[in-house]
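The values are calculated or read from the model by the stated rules, or taken from the named source; none is laboratory data. This structure is a prediction, so every number in the text was calculated from the model and none was measured. Here the Cβ positions follow ideal geometry from the backbone for every residue, glycine too, while neighbour counts run over all protein chains shown.
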């Protein structure tokens, strides 16, 4: 049975977002204050739009927690949309009364934007495909759910996963690695984690960040948007999470799917990723130096990004997400009308950000943490935190213990030589 599974609900301008997390062990310390930190981090970053000035996200714990401890039952979190006050009848769940319908029609006739059905599809959004798939004639029915506002619920759920993983010695963080073709240089990454989080773009390289900000300003002045790359790093992940025996049990595949599910992400790399294709194997594969006295296996590098053969190898997990430029432009692109099928000069426009790479990194953290929490529980099991902690400690000891010598036909054999057999590809 899956653990740490979650489902979100809610629309961008509806009254609230909700997320249910199932399978969280009992006894985990959890408060709303624990969840507020990452929700606040998601809203910050140079290049964000007016919506972030309206919302001040905080998750309300509605179920599954009592007196600051999880109960083992499903956890329900609600994140209110403050902007709902301005959308009322446009987004209400109940059928409109005759009076409300008349008021909306009158407002639409007067050119009130939020009261007017949306039919001009936006390039790069789910508008066209979503409307045709679900049979909607008003794209509002698509864009409200396809909106990145939904990710606030994911970040709230990620806060639960962070509290769980922290109890087991696993920490996850992210930073902005690139914006608009300007990349951070690891040699100039002089900022601490705290200093990076407090900086405008959450970038550890101050010099690169200044040039990234200039790129965002350039896009803003042109009525355009700009994308980039975030990097998520997980420290303290033990050897042995995931499996090579089936495709759907591979940790790297699960992490890639989780990060790829973020609305704005169009590519995922682990470790060196595509850079591996540009190097010889001798410059890619991580040399293993052996096991230390305290049971740690040491690699000379971490080009694989913490997984080999779909299994965690004890090195930090490194996942990078490619963030496309935001699809809603202040100077809208040409498009077409959903109803008439005819070209239009300008696609529909609602307020938008210029760049969201720092926020996307925080969402990436949430998806990585939720994935790791699920895989940890699939590996260890346990319905109570004290049991899970004991099993994690035992697992770490086991991964650092030398296996018994090899046998052939029930008798001890000498270790193998340098012939690796079939040479399977990881």
- request: Determine which member of the set 140, 202, 114 is under 30 Å from residue 341 (Cα atoms) and crowded, with 20+ Cβ neighbours inside 10 Å.
  value: 140
statement: Of (1) more than 25 Å from residue 329 (Cα to Cα); (2) buried (at least 18 other Cβ atoms within 10 Å of the Cβ); (3) under 20 Å from the mean Cα position of the chain (by Cα), residue 47 fails just (1)
- prompt: Can you name the residue in segment 364-397 that is part of a helix (DSSP H, G or I) and free of Cβ contacts under 8 Å to residues at least 24 places away in the same chain and, of all such residues, is surrounded by the most Cβ atoms within 10 Å (Cβ to Cβ)?
  reply: 380
query: Which numbered condition trips up residue 219, out of (1) within 17 Å of the chain's Cα centre (by Cα); (2) modelled with pLDDT under 95?
result: (1)
- request: Six or more apart or on different chains, Cβ under 8 Å: which pairs go from a residue in segment 54-79 that's on the phi < 0 side of the Ramachandran plot and at pLDDT below 95 to one that's buried (at least 20 other Cβ atoms within 10 Å of the Cβ) and part of a loop (DSSP other than H, G, I, E, B)? Could you list them?
  value: 55/81
task: Collect the residues in segment 12-40 that are in contact with a helix residue (DSSP H, G or I) (Cβ under 6 Å, 6 or more places away or on another chain) and either in a helix (DSSP H, G or I) or at pLDDT below 95 (or both), keeping them in residue-number order.
output: 12, 13, 14, 15, 34, 35, 38, 39
message: Would you confirm whether or not segment 242-257 contains a residue that is surrounded by 13 or more Cβ atoms within 10 Å (Cβ to Cβ), assigned to a strand (DSSP E or B) and in contact with a strand residue (DSSP E or B) (Cβ under 7 Å, 6 or more places away or on another chain)?
response: yes
statement: Apart from one, (1) at pLDDT 95 or above; (2) surrounded by fewer than 23 Cβ atoms within 10 Å (Cβ to Cβ); (3) within 30 Å of residue 28 (Cα to Cα) all hold for residue 148; the odd one out is (1)
task: Please enumerate the residues belonging to segment 197-209 that are assigned to a helix (DSSP H, G or I), modelled with pLDDT of 95 or more and touching a strand residue (DSSP E or B) at 6+ places or on another chain (Cβ under 9 Å).
output: 208, 209
task: Please verify whether segment 290-306 includes one or more residues that are in a strand (DSSP E or B) and under 23 Å from the mean Cα position of the chain (by Cα).
output: no
- request: Please work out which residue is surrounded by the fewest Cβ atoms within 10 Å (Cβ to Cβ), limiting yourself to segment 293-352 and to residues that are at pLDDT 95 or above, touching a helix residue (DSSP H, G or I) at 6+ places or on another chain (Cβ under 7 Å) and closer than 30 Å to residue 220 by Cβ.
  value: 338
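Okay, residues lined up against (1) without any contact (Cβ under 8 Å) to a residue 24 or more places away in the chain; (2) outside any loop (DSSP other than H, G, I, E, B); (3) within 26 Å of the chain's Cα centre (by Cα); (4) closer than 19 Å to residue 14 by Cβ:
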residue	(1), (2), (3), (4)
99	yes, yes, no, no
114	no, yes, no, yes
131	no, yes, yes, yes
143	no, yes, yes, yes
149	no, yes, yes, yes
- request: Among the residues of segment 62-119, count how many are within 26 Å of residue 132 (Cβ to Cβ) and touching a strand residue (DSSP E or B) at 6+ places or on another chain (Cβ under 8 Å).
  value: 1
message: If I go through segment 258-273 residue by residue, how many of them are under 21 Å from residue 284 (Cα atoms), part of a strand (DSSP E or B) and more than 12 Å from the chain's Cα centre (by Cα)?
response: 3
message: Whether any residue in segment 176-186 is more than 20 Å from residue 355 (Cβ to Cβ), modelled with pLDDT of 95 or more, in contact with a helix residue (DSSP H, G or I) (Cβ under 8 Å, 6 or more places away or on another chain) and outside any strand (DSSP E or B) is what I want to check.
response: no
query: Going through segment 190-202 one residue at a time, which ones are closer than 26 Å to residue 39 by Cβ and without any contact (Cβ under 8 Å) to a residue 40 or more places away in the chain?
result: 191, 192, 193, 194, 195, 196, 198, 199
